[in-house]
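Enquirer: Let me give you the structure first, and then I'll get to my questions.
No lab work stands behind these numbers, since they all come straight from the coordinates. All values reported here derive from a predicted model rather than from experimental measurement. Glycine also receives a Cβ, built like all others from the backbone with ideal geometry; neighbour counts cover every protein chain displayed.
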Amino acid sequence: MHKSLPAIQYESLAFQNIIPSAVSHTRSILAHSEPNEDTIREDMTVTHLNDIHCHFFSEHFFSVLSRSRADLGTGSTVVDALGWDHPGSPIALAQRWINEMDVHKISRVALIASVPGDEDSVATAVAAHPDRFVGQFMLDPTQDDAVERTERALTDLGLRGICLFPAMHHYSLDDECVSRIASLASAKKHATLFVHCGVLSVGIRKKLGLPNNFDVRLGDPLAIVPLALRFPNLPIIIPHFGAGFFREALIAADLCSNIYLDTSSSNNWIKYHTNVTLTDVFQQVLDILGPDRLLFGSDSSFFPRGWQKPIFESQQAVLQEIDADLYATQRIFYENFERIFAL
Ligand SMILES: [Zn+2]
């Protein structure tokens with residue numbers, strides 16, 4: 001049963017251009033989505049916040065990474081070399097995330113198991129806090145056990161998002177191994193596909209001096225179009241606005257209503273464009289796709305750095321700069337996530 005929100009929550013919003021219909025529409029959205037009283041934000045223009053893109057850097061993640069080069073030692077020595085906090089058990093790491101989310105008043109976060117084979121770590125976090133976490137997992141669809149892994153993750157482990165990195169794992173998006181996975185996902189309620197396109201820069205690999213043997217050509221958003229058309233009920237999320245393939249990501253999303261863009265990271269790919277700012281990027285997406293297919297993400301990952309508030313603040317400022325109305329803002333920061341990952 002939802003709790004009704006006090007009127008002050010709406011009246012304190014700092015938007016200049018709120019039209020009455022947008023306010024009443026948002027009222028019904030917020031009432032419908034039953035926000036947790038503890039996660040109602042009173043200090044910012046964004047009253048409810050979900051984050052679709054955070055990495056769950058588990059013990060297993062570091063352990064797999066340590067096998068990349070003999071001198072890296074164990075997962076534990078990798079963490080020490082990075083100067084980061086040890087994640088502890090998946091339960092302990094999940095609790096750390098929850099504490100962080102509570103500090104920043106974030107309702108729900110979609111966590112990514114960030115190496116193939118780490119589904120169980122994220123599943124543990126989701127099982128402990130099913131109303132706060134959505135589980136996503138990196139999958140290499142070229143592996144023999146990819147179908148089995150996907151079936152298990154989506155059915156037994158309660159995960160929702162399959163994350164593909166074609167440039168990293170060297171396959172084409174029109175390969176049969178991808179459509180097999182997409183077919184499986186589209187048959188499950190609330191499953192999604194995340195496809196990393198464009199420039200792939202894995203900061204942790206860079207820090208450890210590991211080679212990034214990625215084939216960027218394989219991450220062309222236009223290659224998602226046939227897949228999206230074939231599985232129109234499967235939401236497909238392209239992170240970082242296409243990470244350098246912005247135009248291609250926009251075209252793909254314009255052609256397929258089941259393609260979404262996420263706003264995550266510092267969006268440094270903008271440097272490849274002349275005279276383009278993040279403000280221009282948001283404006284163009286809103287002009288072409290409208291507010292229903294853009295999802296806020298921060299790309300947060302390790303502790304003690306924790307949740308990347310500056311990413312949120314800069315994107316919130318951009319939306320204010322372009323006078324995005326309350327309806328659009330709530331869609332991007334909260335409601336689109338709720339719709340895709342309905343509880
Ligand atoms: Zn990421």
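Enquirer: Taking H placed 1.01 Å from N in the peptide plane, check which residues at least 5 places from residue 110 or on another chain put their amide H under 5 Å from its amide H.
Expert: 51, 52, 53, 54, 134
Enquirer: Let me ask something else. Determine which lysines satisfy two conditions relative to residue 105: a Cα distance under 19 Å, and not lying fewer than 8 residues away in the same chain.
Expert: Counting by Cα, and skipping residues close in sequence, residue 105 has these lysines nearby: 3, 309.
Enquirer: Oh, and also: From the backbone phi of segment 214-220, what are the Karplus-calculated ³J(HN,Hα) couplings (6.51 cos²θ - 1.76 cosθ + 1.60, θ = phi - 60°) in whole Hz, Gly and Pro given as x?
Expert: Per residue, the Karplus-derived 3J(HN,Hα) values read 10, 9, 4, 5, 7, x, 8 Hz.
Enquirer: Can you sort 272, 334, 327 so the residue with the fewest Cβ neighbours within 10 Å comes first?
Expert: By the 10 Å Cβ count, ascending: 272, 327, 334.
Enquirer: Just to check I understand the Karplus step: with θ = phi - 60° and J = 6.51 cos²θ - 1.76 cosθ + 1.60, what whole-Hz values come out for segment 126-137, glycine and proline as x?
Expert: 5, 5, 6, 9, x, 8, 10, 10, 10, x, 10, 9
Enquirer: If amide H atoms are built 1.01 Å from N in the plane of the peptide, which residues on other chains or at least 5 residues away come under 5 Å of the amide H of residue 264?
Expert: 240, 241, 297
Enquirer: In nm, what is the difference between 0.36 nm times the number of residues separating residue 128 and residue 322 and their Cα-Cα distance?
Expert: 65.9 nm
Enquirer: Over all distinct Cα pairs, what is the inverse of the mean 1/r for segment 161-294, reported as the Kirkwood hydrodynamic radius in Å?
Expert: Kirkwood hydrodynamic radius for segment 161-294: 15.2 Å.
Enquirer: Check which residues have an amide H placed less than 5 Å from residue 259's amide H, if you skip close sequence neighbours.
Expert: Placed amide hydrogens put 236 under 5 Å from residue 259.
Enquirer: If you don't mind, there's one more thing I want to ask. With charges only on Cβ, +1 for K and R and -1 for D and E, what is the dipole size of segment 45-340 about its Cα centre, in debye, rounded to 20?
Expert: The calculation lands at about 220 debye.
Enquirer: Mean separation of Cα pairs under 8 Å and 6+ residues apart, divided by the residue count of segment 45-340: what relative contact order is that in percent?
Expert: After rounding, I find 19 percent.
Enquirer: Still on this structure, please answer the following. For a quick check: sort 111, 319, 343 by the number of other beta carbons within 10 angstrom, fewest at the front.
Expert: Ascending Cβ contact count within 10 Å gives the list 343, 319, 111.
Enquirer: Taking the radius of gyration and the Kirkwood hydrodynamic radius from Cα positions alone, what is the Rg/Rh ratio for segment 45-340, to two decimal places?
Expert: 0.94
Enquirer: Excluding residue 279 itself, what net charge comes from residues whose Cβ is under 13 Å from its Cβ, given Lys and Arg +1 and Asp and Glu -1?
Expert: So the environment of residue 279 carries a net charge of -4.
Enquirer: Here is a further query. Enumerate the calculated ³J(HN,Hα) couplings along segment 60-75 in order (Karplus 6.51 cos²θ - 1.76 cosθ + 1.60, θ = phi - 60°), each rounded to whole Hz, writing x wherever the residue is Gly or Pro.
Expert: 5, 4, 5, 5, 5, 4, 5, 7, 5, 8, 4, 7, 6, x, 9, x
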